[in-house]
1. Could you grab me the full set of residues in region 253-286 that are in a loop (DSSP other than H, G, I, E, B), modelled with pLDDT of 65 or more and closer than 25 Å to THR201 by Cα?
2. Do any helices (runs of 4 or more DSSP H) entirely within region 89-202 hold 3 or more residues that are free of Cβ contacts under 8 Å to residues at least 60 places away in the same chain and open to solvent by 30 Å² or more (accessible area, probe 1.4 Å), and if so, which?
3. Out of region 207-230, which residues are hydrophobic (A, V, I, L, M, F, W, C), under 22 Å from PRO64 (Cα atoms) and open to solvent by 10 Å² or more (accessible area, probe 1.4 Å)?
4. Every residue in region 9-32 that is surrounded by 24 or more Cβ atoms within 10 Å (Cβ to Cβ) and touching a helix residue (DSSP H, G or I) at 6+ places or on another chain (Cβ under 6 Å), please.
5. Step by step: first the residues of region 33-56, then only those that are among the hydrophobic types (A, V, I, L, M, F, W, C) and out of contact with any strand residue (DSSP E or B) (no Cβ under 9 Å at 6 or more places or on another chain), then the one that is most open to solvent (accessible area, probe 1.4 Å). Which residue is that?
6. Which of the residues spanning region 19-75 are among the hydroxyl-bearing types (Ser, Thr, Tyr), at pLDDT below 90 and part of a loop (DSSP other than H, G, I, E, B)?
7. Taking region 231-252 as the search range and keeping residues that are modelled with pLDDT under 85 and among the polar types (S, T, N, Q), which one is most open to solvent (accessible area, probe 1.4 Å)?
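The values are calculated or read from the model by the stated rules, or taken from the named source; none is laboratory data. Treat the numbers as computed from the prediction; the structure is a model and nothing was measured. Cβ placement follows ideal geometry from the backbone for every residue including glycine, while neighbour counts extend to all protein chains displayed. The area values use the complete protein model at the heavy-atom level, side chains included, leaving out ligands, DNA and RNA. Shrake-Rupley method; radii C 1.70, N 1.55, O 1.52, S 1.80 Å.
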Amino acid sequence: MYKVATLGKPQVSILNGMVMGAGCGISIHGRFRVVTEKTVFAMPEASIGVIPDVGASYFLSRLPGFFAIYRNRIYELINKYLSPGEYIGLTGARLDGTEMLACGLATHFVPSIKKLSLLDEALNKVNTSDPVVISKVIDEFSEKPPLKEGSAYHRLDIIDRCFSQKTVENVISALETESEKEGDAWIPEALHLMRKASPVTLKIFLKSIRGGRLQGLAQCLAQDILEGYRANFLRKDRTPKWEPSRLELITDEMVDLYFSKVDDGEWEDLVLPVRSNLSTFTVAKF
C-alpha cells in the first residue's frame, strides 16, 4: 500500500464492484480512483471487531475540507471541519460510486456498461506516465452523476455536526437528537450500525482517524499494524460478544493501550523506506 502511494508512475484503479478491506488499501492510496454505478465501498471493521490496517486513518482523515485547513491550527479546529471520515469509519456505511465521488474517495465516475471498456482500451494505448495526460484520457469517459435522493451526503451539515463530537458517546447522542426530527432515514441506520459494533473498536477507530490528520502515510500504516496486533492477537476482539460490552465501560487508558509501544523484546515497529515519489491522497474536485 505504501508502494502504491509512492509509485513513480500514477496508478489507475477501476473499482467496479465491492471495495472493502485490502481492496481499499491497494486502490485509495493511488492517484486515480475510477468508480461506476456498480461500486460499493465500505469500512465495516468496527462491526466485526477488527482494526483497519490499510491506512484508513490516513485517507479517511483527509476527506472534504482538508485542503482548506492550515496544518498548524489546533487539533480541535481541524477535527471540526472533517467529519465524513468519521461517519464512514464509525458506521461502516456502504457508499455507492456517486457518494465516493462526492466525498473524495473517488476521482472519476465512468458508467460500466457504456464506457468502461472504452476507457480500458484508451488507457492501454497511453505511452506516457504523465498524470496530466492520463487524467485527460479518463476525463473523456467520465461523468458527474447526481447523488441519490436519500444519500447521507446531501446532509453534510448533519454529518459534520454529529461526527465532529469529541467522543463516540457524544456522536451517538447527537445522532439520537437528529433522529427525532422527520426525514433523514440514514440516521437511524447509522445509529443501528454503531450500536451493534465493537465498542472498543469504535473508540480506537475514532482516535486513529483524528490522530491520522497530523501524521504522514508511513506513520498511519505503522500505527495501524500496532493497533491491529493488539486487537486481533492480544485482546482477540473478533468475537461478537464484545468485552467490554458498552462504551461507558471503556476508559481512555484502555484505548491508549492500543497506541502504546508493545512490551515485547522481539517486537519491531514497522519502518518504511523514505521514497521521494509520495503521492499525497487528494480529494476529487468538480
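1. So the first thing to find is which residues in region 253-286 are in a loop (DSSP other than H, G, I, E, B), and the list is 258-286.
Filter again for modelled with pLDDT of 65 or more, leaving 258-277.
TYR258, PHE259, SER260, LYS261, VAL262, ASP263, ASP264, TRP267, GLU268, ASP269, LEU270, VAL271 - these are the residues of region 253-286 that are in a loop (DSSP other than H, G, I, E, B), modelled with pLDDT of 65 or more and closer than 25 Å to THR201 by Cα.
2. Because the criterion is at least 3 residues that are free of Cβ contacts under 8 Å to residues at least 60 places away in the same chain and open to solvent by 30 Å² or more (accessible area, probe 1.4 Å), the helices (runs of 4 or more DSSP H) in region 89-202 that meet it are 116-124, 131-139, 168-179, 186-195.
3. Once the filter is applied, which keeps residues that are hydrophobic (A, V, I, L, M, F, W, C), under 22 Å from PRO64 (Cα atoms) and open to solvent by 10 Å² or more (accessible area, probe 1.4 Å), region 207-230 yields LEU214, ALA218, LEU221.
4. Of everything in region 9-32, those that are surrounded by 24 or more Cβ atoms within 10 Å (Cβ to Cβ) and touching a helix residue (DSSP H, G or I) at 6+ places or on another chain (Cβ under 6 Å) turn out to be ILE28, HIS29.
5. ILE48
6. Answer for region 19-75, where residues must be among the hydroxyl-bearing types (Ser, Thr, Tyr), at pLDDT below 90 and part of a loop (DSSP other than H, G, I, E, B): just TYR70.
7. THR239
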